[in-house]
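Engineer: Before anything else, here's the structure in question.
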Amino acid sequence: MDKLLLRLLNARDEHERQQRLDALLTMHVAPIIRHVLRQRLGLYVNAQGINANNHDAEDLYQEAMTRIVEVLNTDQLSLTKIESFEPYVAGIVSNLCVDFLRSKHRTREQQFEFETNSSQSTRSGESDVETHELLARLWPSVTRLTPRQRDAFALRFQDQNGRDLFTVLLAAGIVDWKDLAEGMGRSVADLTRLWRQMPMDTATAASELHTSRENIYKWRYRAIQKLKGELE
């Protein structure tokens, strides 16, 4: 068993365990995540896992940290089977990078197909139909997210024209304000208040939801992964 994990398991109480966990994440896990993201993808984040100019880097950092914390919070027997912790962490981050590249590749292929179909069918209006169908599938999937994931995704959503989620759905005729209120679990008045601030940056969304920027990254990333799984 790795000595870093042994120190965590030998904590006398929960308070000491949390202190040792925080130290482990700060001194060992975070540097490994940053290094692998930089090495495998050329993505940079600071010591807090932030890159205000690249949300992909932030999201991947937070997802890696979340997965590793979940491992560290599992039962002791599982931890005793990890013989070398730092390579184990590097492996988790490397797998995330591979998944990210595959996702990017699939997205580029779909975008190419969509743009090709759009250019070939301008007169027939097929591209508008396809877009409408995609949005019609997206909205029910959004409503099935957990409330936190749904909020983080919706508040920060922005299409290629800079439009927020509510505007896109309303303009396409997918929903009305009553549908939005039911799907988001909020009142119409609350949604219109939020709408005036959307799309939000990370800091604004965190303030609105009374949480940390890190949680916004985490919830948004998980929302996107779930939506991709349902829409592919």
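Engineer: Using only the Cα atoms of the stretch 188-232, build the gyration tensor, take square roots of its eigenvalues as a ≥ b ≥ c, and label the shape rounded, prolate or oblate: rounded if a/c is under 1.5, else prolate if a/b is larger than b/c, else oblate. Write out the running numbers ahead of the final one.
Structural biologist: On the way: a/c = 2.74, a/b = 1.40, b/c = 1.95.
Judged from the Cα gyration tensor, the stretch 188-232 comes out oblate (a/c at least 1.5, b/c at or above a/b).
Engineer: Let me know the whole percent of all Cα-Cα pairs from the chain that are separated by more than 29 Å. Don't skip to the end; give the middle numbers.
Structural biologist: Numbers: 10684 of 26796 pairs.
Cα-Cα pairs in the chain separated by more than 29 Å: 40 percent.
Engineer: Right, something else. Are there any GluC sites (Glu not before Pro) in the stretch 7-96 that are in a DSSP loop and have at most 12 other Cβ atoms within 10 Å? List them by number.
Structural biologist: Working: sites: Glu14, Glu16, Glu58, Glu63, Glu70, Glu83; in loops: Glu83.
Here the sparse-neighbourhood loop sites are Glu83.
Engineer: A follow-up question, please. Which value in Å is the Kirkwood Rh of the stretch 1-92 over different Cα pairs?
Structural biologist: Values: mean 1/r = 0.0727 Å⁻¹.
After inverting the pairwise mean of 1/r, the radius is 13.8 Å.
Engineer: Using 0.36 nm times the number of residues separating Leu25 and Ser94, minus their current alpha carbon distance, what extension gain do you get? It would help to have the intermediate numbers written out before the result.
Structural biologist: Details: separation 69, 0.36 × 69 = 24.84 nm, distance 1.73 nm.
Residue separation times 0.36 nm, minus the Cα-Cα distance, leaves 23.1 nm.
Engineer: What are the trypsin sites (Lys or Arg not before Pro) within the stretch 132-232 that DSSP puts in a loop, where the Cβ has at most 11 other Cβ atoms within 10 Å? Spell out each step's value before the answer.
Structural biologist: Details: sites: Arg137, Arg144, Arg148, Arg150, Arg156, Arg163, Lys178, Arg186, Arg193, Arg196, Arg213, Lys218, Arg220, Arg222, Lys226, Lys228; in loops: Arg144, Arg163, Arg186, Arg196.
Sparse-neighbourhood loop trypsin sites (Lys or Arg not before Pro): Arg196.
Engineer: Grab the chain and count how many Lys pairs have their alpha-carbon atoms under 16 Å apart, sequence gap of 8 or more, or different chains. Before the final figure, lay out each step's value.
Structural biologist: On the way: Lys3/Lys81; Lys104/Lys226; Lys104/Lys228; Lys218/Lys226; Lys218/Lys228.
Lysine pairs meeting the criterion: 5.
Engineer: If the viscosity is 1.567 mPa s and the temperature 4 °C, what translational diffusion coefficient in µm²/s does Stokes-Einstein give for the stretch 130-216 when Rh comes from Kirkwood over Cα pairs? Don't jump to the answer; show the numbers that get you there.
Structural biologist: Numbers: Rh = 13.1 Å.
Estimated diffusion coefficient is 99 µm²/s.
Each reported figure results from applying straightforward, stated rules to the coordinates on display, with no laboratory input. All values reported here derive from a predicted model rather than from experimental measurement. We place every Cβ from the backbone using ideal geometry, glycine too, and count neighbours over all the protein chains shown.
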